[in-house]
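First up is the structure itself, then whatever we jot down about it.
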Amino acid sequence: MNIKSVKLVYFSPTRTTKKVLEGIAEAIQVDIVDHLDLTPPETQTRRFEEIQDELIIIGTPVYSCRVPVDAIHRLRRLRANNTPAVIVVVYGNVDYKDALLELNDIAVEIGCKLVAAGVFLGEHSLLPIAHGRPDVEDLKKVREFGKKIRNKLKDIKAIGDISPLQIPGNFPYYTMQQTPKEVLQVYPATEEMLCTKCETCIAVCPTAAITINDTVITDLDTCILCGACVKNCPTQARVMDSPHYQKIVEFVSKNLPERKEPEMFL
């Protein structure tokens, strides 16, 4: 199969998933790499052209062991035409459980034919886990995954020759009994003395949950705890903070999970 163009499709509030997908595409070595960023709020209602005649690489982070709800809604607005695809989930070294299977099912639903699937690591969006990931070793494996995809595509003569992948996970998908905000009892807050009202937090929020008047206001019902405002604030004025949250951080710091490694399915 001669693939000359790759379309990267991602929901990536902290840009970690985007970085992983770009590494995969670079290793596949194609002439054209297009981006379809589903992170901005306007993609909730945007109309998209049908995707065909190229390889799609779809990536999302993992929230509560699942594909983020907002990513699901936006992905389901897409349409492919029996198009070859790769799916990728990125998680913070805790657990991805059914997220990869869920993304697989969504990709098939919108018209994709799965060539490969990958699970990679990134910094946890809320907790001090997997700091600095994807690191050098992770990125080596990202490139290795891309090379394996390239070689597999060379051996495929027609789209009908692609065999179904064996994806880990269970259906019905894993469901937390409580939402992350209820578990952690934490929301993004603003240190007003540090805030310059530069509006970076507004620009990076994927759900338009932040407004600025005299102070920074976060709509707690709309916030998805993606961490984008915290990680992108130039003055470190945005923080995740509460007495209960600090207890969680202390616990995690003393009981850090062992380093988990990327997984590839081809």
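The values are calculated or read from the model by the stated rules, or taken from the named source; none is laboratory data. Computed from a predicted structure; not experimentally measured. Neighbour counts run over all protein chains shown; Cβ positions are idealised from the backbone, glycine included.
Before we move on, is Ile57 surrounded by 23 or more Cβ atoms within 10 Å (Cβ to Cβ) and in the same structural domain as Leu21 (by TED's automatic domain parsing)? Reasoning before the result, please.
Values: surrounded by 23 or more Cβ atoms within 10 Å (Cβ to Cβ): yes; in the same structural domain as Leu21 (by TED's automatic domain parsing): yes.
Taking the combined requirement at face value, the residue satisfies it.
Please pick out the residue among Arg143, Arg133 that is assigned by TED's automatic domain parsing to the domain that holds Ala80 and either assigned to a loop (DSSP other than H, G, I, E, B) or free of Cβ contacts under 8 Å to residues at least 12 places away in the same chain (or both). Outline the logic, then answer.
Working: Arg143 fails: either assigned to a loop (DSSP other than H, G, I, E, B) or free of Cβ contacts under 8 Å to residues at least 12 places away in the same chain (or both).
Among Arg143, Arg133, only Arg133 is assigned by TED's automatic domain parsing to the domain that holds Ala80 and either assigned to a loop (DSSP other than H, G, I, E, B) or free of Cβ contacts under 8 Å to residues at least 12 places away in the same chain (or both).
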So which of Val108, Val136, Val90 is surrounded by 15 or more Cβ atoms within 10 Å (Cβ to Cβ), closer than 22 Å to Leu256 by Cβ and among the hydrophobic types (A, V, I, L, M, F, W, C)?
Val90
Between residues in region 234-253 that are closer than 25 Å to Thr200 by Cβ and residues that are among the β-branched types (Val, Ile, Thr) and part of a loop (DSSP other than H, G, I, E, B), which pairs lie under 6 Å by C-beta distance while being six or more apart or on different chains?
Thr235/Thr196; Met240/Val186; Ser242/Val186; Tyr245/Val186
Does region 237-252 hold any residues that are of a type in the set (D, E, K, R) and closer than 23 Å to Thr215 by Cβ, and which are they?
Arg238, Asp241
